[in-house]
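Read-outs: derived from the displayed coordinates by stated rules, not from any lab. In this text the structure is predicted, and so the values were computed from the model without any measurement. Ideal geometry is used to build each Cβ from the backbone, glycine not excepted, and the neighbour counts take in all protein chains shown.
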Amino acid sequence: MDWVLKTRKHALAPKPLFLEMPESLNIDIPIYPPSARFEVDARLGEVEFACDLSICKGACCTMPGGRGAPVLKAEISELERAFPIVSKYLPEKALEAIAEQGIWRNEIDGTFTISTIGRRECIFVHWENDIAFCSIQTAFRKGEIQGFEKPISCHLFPIRIYPERKKDTFFICYEEIDECEGGRVNGKKVHMPLLEFLRSPLARALGKERTELLIQSFKEEPPAA
């Protein structure tokens with residue numbers, strides 16, 4: 001796979017890689033068409049990462065910022081299907097927020113997000129001691145929900161996939177936040193590459209063939225300048 005360098009505005013000046021992806025498989029959430037092209041943050045192949053809930057306490061589910069987690073339009077029906085099943089896990093404050101706001105929001109820019117409690121905590125959060133967990137994922141792991149583990153943006157984090165201006169072109173990047181410092185420390189401790197840690201959600205988003213191509217591309221040495 002050839003490395004194609006391109007200047008981007010990025011704090012750590014990543015070296016993106018263009019991937020011509022093969023035709024996708026049948027995956028739970030087929031986000032990208034077979035013609036999609038991806039510009040890839042080089043740090044995806046450099047970062048070691050493994051979530052450590054004992055340190056972060058599920059901070060990615062409770063981050064301040066006004067908007068909730070982004071969701072695909074196709075995921076809205078899955079959220080609505082999941083709610084009656086997971087409502088038994090939710091605290092009263094979440095149920096009150098849902099009654100007032102609904103499960104999801106259509107933002108002014110046309111995107112969709114999950115509603116929040118106090119512009120911070122996701123309405124699908126349930127707590128075990130002081131750790132925030134996703135009630136949808138909890139129900140999925142108990143076999144109460146099939147075919148939808150959680151929204152793909154949540155499942156992929158701290159990897160993000162952003163659309164570019166050019167049609168069918170996307171930027172796959174690593175988003176570094178202070179709240180995930182424990183994951184970076186733990187990843188280095190256990191020598192877990194970020195892409196390996198997130199192999200399963202990547203396969204949901206890209207398909208297995210695309211995911212393998214992405215991972216293998218970082219195992220190949222780039223050509224000499």
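If Lys and Arg each add +1 and Asp and Glu each add -1, what is the summed charge of the other residues whose beta carbon sits under 14 Å from the beta carbon of G102? It would help to have the intermediate numbers written out before the result.
Working: positive: R105; negative: E80, E96, E100, E107.
Once all neighbours under 14 Å are counted, the net charge is -3.
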Full-stretch length increase - L95, K73 - with 0.36 nm per residue and alpha-carbon distance subtracted: 5.7 nm
Segment 62-146: C-alpha gyration tensor shape, a/c 1.5 cut-off, then a/b vs b/c: oblate
Label-point gap, in nm, between H191 and I177 - each point 7 angstrom along Cα→Cβ: 3.0 nm
Whole-percent pair-distance distribution, where bins are 5 Å wide, for the alpha carbons of segment 97-225: 2, 8, 12, 18, 21, 18, 11, 6, 3, 1, 0, 0
